[in-house]
Amino acid sequence: MTKLILRDVEIHKGFLDRAAQAEVLGSVREVVAAAPLFRPDTPYGKPMSVRMTSAGRYGWFSDRSGFRYAKQHPMGCAWPPVPQPVLNIWEKLTELQRQPDCCLINYYGEGARMGLHQDRDEADFSWPVVSVSLGDPGLFRVGNRTRGGKTESIWLESGDVVVLGGAARLTYHGVDRIKFGVGSLLPKGGRINLTLRVVD
């Protein structure tokens, strides 16, 4: 495992070995079975290119009314609990007793991307955001704490974990593209990103 710092963003390369990745993936599949993936609309009415679901007390949601957290899946059911293998990652990297309220699960299929954005729908930005990569590599772009300016990019591989905290908590970031079908963790290809957040 190697720890890198890119514009105050912590990148833990190879944090999860293959066995740990498989364990986390299995727990994610259980969440998806209970709360299926869906494709939300942006506030501008355009469907997002990723499909998503969540686990925890809240799930992240978007439609024409805006970005927000919701207590129920669009089907009306409660979100499943955050799986323990995922919580273990949070606990090891943050050393916090406070557990995350939400684990957002994004699935990137072929051609999916995520534009530069800030994670700012939470009440308190003093808590970090922890992001886990599984499956195909994704080109992670890191910007600034205000929109615009130069950016830097790094490929995130399966098992890499990113922490946005402190000075990097409101840094703009996104995923420009994935190398679809390159990884071996997901038999049908694609990238899964888990994002752990404290909401309240």
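If we only count strands (runs of 3 or more DSSP E) wholly inside region 113-156, which ones have 3 or more residues that are without any contact (Cβ under 8 Å) to a residue 12 or more places away in the chain, in contact with a His (Cβ under 7 Å, 6 or more places away or on another chain) and within 23 Å of ARG98 (Cβ to Cβ)?
Here the list is empty.
Step by step: first the residues of region 114-144, then only those that are touching a strand residue (DSSP E or B) at 6+ places or on another chain (Cβ under 6 Å) and among the hydroxyl-bearing types (Ser, Thr, Tyr), then the one that is farthest from THR195 (Cα to Cα). Which residue is that? Per the stated criteria, the residue is SER133. Against the definition (closer than 25 Å to LEU185 by Cβ, assigned to a helix (DSSP H, G or I) and charged (D, E, K, R)), how does GLU110 come out, yes or no? Against the criterion (closer than 25 Å to LEU185 by Cβ, assigned to a helix (DSSP H, G or I) and charged (D, E, K, R)), GLU110 does not qualify. Among the residues making up region 71-85, none is without any contact (Cβ under 8 Å) to a residue 40 or more places away in the chain, of a type in the set (A, V, I, L, M, F, W, C) and either in contact with a Pro (Cβ under 7 Å, 6 or more places away or on another chain) or closer than 21 Å to VAL24 by Cβ (or both). Flag: ASP160 matches the condition of being within 18 Å of ASP8 (Cα to Cα) and touching a strand residue (DSSP E or B) at 6+ places or on another chain (Cβ under 8 Å). Applying a threshold of 6 Å to beta carbon distances and a minimum spacing of six or more residues, or different chains, the list of pairs starting in region 1-30 at a residue that is farther than 30 Å from THR146 by Cβ and in contact (Cβ under 8 Å) with a residue 24 or more places away in the chain and ending at one that is of a type in the set (Lys, Arg) and surrounded by 13 or more Cβ atoms within 10 Å (Cβ to Cβ) is empty.
Name every residue in region 6-21 that is under 19 Å from GLY138 (Cβ atoms) and among the aliphatic types (A, V, I, L, M), in order of residue number. LEU6, VAL9, ILE11, LEU16, ALA20 - these are the residues of region 6-21 that are under 19 Å from GLY138 (Cβ atoms) and among the aliphatic types (A, V, I, L, M).
Every number here is computed from the coordinates shown, using simple stated rules; none is lab data. These numbers come from a predicted model, not from an experiment. Glycine gets a Cβ as well: all are built from the backbone with ideal geometry, and neighbour counts include every protein chain shown.
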